[in-house]
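Chemist: Please see the structure below; I have some questions.
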Amino acid sequence: MAETACASGRLAAVLLCVLVVVSRCCAGQTNLKSPQDIQVYAVNTNFTLMWNYTGDGTNVTFSAQYQCFDDLQTSEPEWKELSGCQNVSHTECDFSSAITAYYDTHHIRIRAERREAKSPWSSIFEMIPYEIAQIGPPEIALQSINGAIKINISPPEANQVRKMWLISVFFKYNVVIWDNSSNVEKVRSILPIDVINDLAPETTYCLKVQATVPLEDKEGLFSPIHCIKTTRKVNDLLCPTNVRVFALNMKFYLLWDNHYNEHVTYTVQYLTGYLKNLYDDYSSKWQKVSGCENITSMKCNLSSVIKPTSASYYFRVQAMNEYNKSCLSKDVEVDPPVTNEIGPPDVKVDISDVLLHIKITPPGGPGNKIMSDLYDFSYQILYWKNSSDNEEEVKMKETKQTIATVSDLAPSTLYCVKVQAFSEAYNKSSDFSREECIGTAG
């Protein structure tokens with residue numbers, strides 16, 4: 001009897017151990033594989049978690065957790081359930097509602113589940129939402145006007161409460177436009193409110209627009225394609241044409257043409273450039289250029305408006321005839337340091353002993369300090385012996401100073417010099433100065 005009881009006790013113990021092992025196996029992590037290839041697809045503030053699963057997917061669901069690392073935290077944050085990604089049966093889930101700290105580091109992990117069984121956690125996916133998010137497509141509205149297309153762009157997330165891109169003025173826009181019959185695409189930059197000219201009349205054009213942030217080298221998704229038919233263009237002879245800017249050494253003039261044969265006066269208007277980068281209607285914000293109101297000449301000095309170190313401007317001309325009929329030209333952009341052309345420097349030469357002394361006056365003259373400060377000139381000096389020998393070599397010397405010397409001069413020889421100014425920052429160069437020549441002693 002005692003031996004039977006002992007045997008029964010041993011059998012019960014073995015059965016108990018088996019039950020414990022089976023229980024641990026069912027509730028443990030050995031029967032399910034971990035999800036793999038974790039990725040996050042993000043557009044604006046919309047986040048989708050995606051993964052692959054190579055195990056038996058029968059009755060398997062997936063749940064994810066995340067950590068958010070705040071810069072002010074000193075200890076490791078706790079793992080939290082990722083809202084939108086609990087007990088999902090597909091291999092992707094939307095967790096947009098869970099993410100609000102767009103500039104903080106996040107860790108995400110996911111596991112497979114079947115009833116009480118759970119797989120090991122996947123490898124951790126690390127992300128900073130702002131860095132991986134794509135810029136969503138902007139919204140656009142089109143209007144056909146006098147052979148052109150007026151476009152009005154709303155920035156990505158324009159109607160969203162939660163925004164990834166907080167400063168919409170950083171956006172720049174590219175438009176891809178094509179004739180619907182030829183499909184030959186043209187790409188150009190465009191403003192939030194702009195007019196696309198130089199189009200064929202009564203022709204259907206299609207276009208799409210993309211938002212970019214050049215400062216961060218980000219390019220967004222294109223908007224849906226919109227198509228519109230242009231109207232026939234009506235040419236008004238009263239309208240000024242060929243509006244252009246002549247700019248030299250920071251002196252700016254606006255010029256234009258007109259084919260109207262009767263009496264006409266002109267008023268030049270300007271708009272500060274940043275207003276065109278906003279999304280508001282700027283049509284009422286044009287101002288008149290002082291000294292260029294109701295003039296009859298087709299030239300306007302813009303010096304009263306343009307400041308050399310300021311941002312861009314836009315100019316247009318309004319023509320008015322004796323019957324009070326008016327017409328506006330197309331506007332032209334002026335970015336002062338970019339539009340401006342650099343005039344040649346002045347140069348003087350002198351000789352003492354065996355040295356040729358070259359004195360350079362920067363473009364714009366000695367009183368135009370803004371030119372030297374703005375462009376930070378360097379100078380290319382060409383000098384040569386002025387003789388009947390056509391084989392004489394032209395030598396070059398570069399300097400950032402306005403005084404230079406050349407040594408090793410030959411006696412009884414005429415030397416000639418000319419100088420060119422160059423701005424590396426703006427990749428601009430002037431014409432060469434006039435030649436200055438001087439002879440050495442015998």
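Chemist: Looking at region 61-78, which of its residues are under 37 Å from the mean Cα position of the chain (by Cα) and open to solvent by less than 30 Å² (accessible area, probe 1.4 Å)?
Modeler: Of everything in region 61-78, those that are under 37 Å from the mean Cα position of the chain (by Cα) and open to solvent by less than 30 Å² (accessible area, probe 1.4 Å) turn out to be A64, Q67, P77.
Chemist: Could you please give the count of residues in region 57-81 that are farther than 14 Å from S122 by Cα and in a loop (DSSP other than H, G, I, E, B)?
Modeler: Looking only at that region, the number is 13.
Chemist: Still on this structure: Just to be sure before I move on: is A133 over 23 Å from the mean Cα position of the chain (by Cα) and either small (G, A, S) or closer than 21 Å to F69 by Cα (or both) in the structure I sent?
Modeler: Taking the combined requirement at face value, the residue does not satisfy it.
Chemist: I'm trying to understand the selection: among the residues of region 175-205, which are in contact (Cβ under 8 Å) with a residue 40 or more places away in the chain and under 19 Å from the mean Cα position of the chain (by Cα)?
Modeler: Selection gives V176, L191, P192, I193, D194.
Chemist: Hey, another quick one. Go through (1) open to solvent by less than 40 Å² (accessible area, probe 1.4 Å); (2) under 30 Å from P201 (Cα atoms); (3) of a type in the set (G, A, S) for G136 and report which single condition fails.
Modeler: The one condition G136 does not meet is (2).
Chemist: Here's another thing I want to ask about it. Quick test of your reading of the structure: L409 fulfils all but one of (1) part of a loop (DSSP other than H, G, I, E, B); (2) open to solvent by 60 Å² or more (accessible area, probe 1.4 Å); (3) among the hydrophobic types (A, V, I, L, M, F, W, C). Name the failing condition by number.
Modeler: Going through the list (1) part of a loop (DSSP other than H, G, I, E, B); (2) open to solvent by 60 Å² or more (accessible area, probe 1.4 Å); (3) among the hydrophobic types (A, V, I, L, M, F, W, C), L409 breaks only (2).
Chemist: Looking at L382, L409, can you tell me which residue is modelled with pLDDT under 90 and over 37 Å from the mean Cα position of the chain (by Cα)? Don't jump to the end; show me each part of the working.
Modeler: Numbers: L382 fails: modelled with pLDDT under 90.
Every option except L409 fails the conditions.
Chemist: What pairs come up if the first residue lies in region 52-81 and is at positive phi, the second is part of a strand (DSSP E or B), and their beta carbons are under 6 Å apart, counting only those six or more places apart or on different chains?
Modeler: N59/R114
Chemist: A follow-up question, please. Quick check on P363: is it in contact (Cβ under 8 Å) with a residue 40 or more places away in the chain, touching a Gly at 6+ places or on another chain (Cβ under 9 Å) and closer than 30 Å to V406 by Cβ?
Modeler: yes
Chemist: Given region 331-382, what strands (runs of 3 or more DSSP E) lie entirely inside it while holding 3 or more residues that are open to solvent by less than 10 Å² (accessible area, probe 1.4 Å)?
Modeler: Working: elements: 332-334, 346-352, 355-361.
In region 331-382, 355-361 are the strands (runs of 3 or more DSSP E) which contain 3 or more residues that are open to solvent by less than 10 Å² (accessible area, probe 1.4 Å).
Yes/no matrix, rows are residues, columns are (1) at pLDDT 95 or above; (2) farther than 24 Å from N197 by Cβ:
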position	(1), (2)
I132	yes, yes
I135	yes, yes
P138	yes, no
A141	yes, no
I145	no, no
I151	yes, no
R162	no, yes
I167	no, yes
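Chemist: Do you know which residues across region 105-134 are of a type in the set (D, E, K, R) and either touching a Phe, Trp or Tyr at 6+ places or on another chain (Cβ under 6 Å) or free of Cβ contacts under 8 Å to residues at least 24 places away in the same chain (or both)?
Modeler: So in region 105-134, the residues of a type in the set (D, E, K, R) come out as 109, 111, 113-116, 118, 126, 131.
R109, R111, E126, E131 - these are the residues of region 105-134 that are of a type in the set (D, E, K, R) and either touching a Phe, Trp or Tyr at 6+ places or on another chain (Cβ under 6 Å) or free of Cβ contacts under 8 Å to residues at least 24 places away in the same chain (or both).
Chemist: Only one residue in E81, E92 is within 24 Å of A133 (Cα to Cα), within 35 Å of the chain's Cα centre (by Cα) and open to solvent by 60 Å² or more (accessible area, probe 1.4 Å), so which one is that?
Modeler: E92
Chemist: On to the next question. Can you give me the number of residues within region 173-204 that are within 24 Å of N277 (Cβ to Cβ) and either touching a helix residue (DSSP H, G or I) at 6+ places or on another chain (Cβ under 6 Å) or part of a strand (DSSP E or B) (or both)?
Modeler: The number of residues fulfilling the criteria is 15.
Chemist: Filter region 412-442 down to the residues that are in contact with a Gly (Cβ under 7 Å, 6 or more places away or on another chain) and open to solvent by less than 40 Å² (accessible area, probe 1.4 Å) and list them by number.
Modeler: T413, S430
Chemist: Continuing with the same structure: Take S304 and decide whether it is more than 26 Å from the chain's Cα centre (by Cα), loosely packed, with under 15 Cβ neighbours inside 10 Å and assigned by the TED database to the domain that holds L254.
Modeler: yes
The values are calculated or read from the model by the stated rules, or taken from the named source; none is laboratory data. Note that this is a predicted model, so its numbers are computed, not measured. Note that each Cβ is placed from the backbone with ideal geometry, even for glycine, and that neighbours are counted across all protein chains shown. When the accessible area is computed, the model is the full protein with side chains, heavy atoms only, and any ligands, DNA or RNA have been set aside. Shrake-Rupley method; radii C 1.70, N 1.55, O 1.52, S 1.80 Å.
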